[in-house]
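Novice: Attaching a single structure in structure tokens format; questions to follow.
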């Protein structure tokens, strides 16, 4: 990596932390890029979670026996894409150095609903808005509540809606 690329990456890392800590309630974060949900993604998720449900991993069974005419993404796969979709929205550097710049982590959900299925081959994107920002605690941690919606291209109803909690952990914690 050149010194110019290194300096640019360092500036991005600093802006990640600063941006997270400066969120304001009501602020629109924006939309992510579209992401195609493939059968390979669904199969790998099933393998990782030890879930062999044929509605998700068996296209032949799902077409003839399932209610959706084909396989659909696991609901928890849809939920797990939130991190990727938010990073896509904010152009965050996934390789940032935690030791010198801190890091953010999932903190949970105040609310999560899986509204409609995501058929294989569909494209999804995230839409994000800040609902609340808690003042830093004694350790400097900042909790941000995000309104997160996973949209499915061409569908009126979203795949998922959530009040997602994330926490910024400052360096040295």
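Read-outs throughout are calculated quantities, based only on the coordinates presented, and are distinct from any laboratory measurement. Quick caveat, the model's predicted, so the values are computed rather than measured. For neighbour counting, all protein chains shown are included, and Cβ atoms are generated from backbone atoms with ideal geometry for every residue, glycine included.
Novice: Given the stretch 107-147 reduced to its alpha-carbon atoms as identical point scatterers, what log10 I(q)/I(0) does the Debye formula return at q = 0.17 Å⁻¹?
Specialist: Debye intensities relative to I(0), on a log10 scale: -0.66.
Novice: Which distance in nm do the two modelled labels at residue 76 and residue 137 give, with both placed 7 Å along the Cα-to-Cβ direction?
Specialist: Spacing of the two 7 Å Cα→Cβ label points: 2.6 nm.
Novice: How high is the relative contact order of the stretch 25-173, in percent, counting Cα pairs under 8 Å that sit 6 or more residues apart? Walk me through the intermediate numbers first.
Specialist: Numbers: 310 pairs, mean separation 43.4, N = 149.
Result for the stretch 25-173 is 29 percent.
Novice: Let me ask something else about it. Give the distance, in whole Å, between the Cα centre of the stretch 100-137 and the Cα centre of the stretch 36-60.
Specialist: Here the answer is 22 Å between Cα centres.
Novice: In addition: Would you please report the Å³ per residue occupied by the convex hull of the alpha carbon atoms in the stretch 26-173?
Specialist: Values: hull volume 18.1 nm³, N = 148.
Cα convex hull per residue, to the nearest whole number: 122 Å³.
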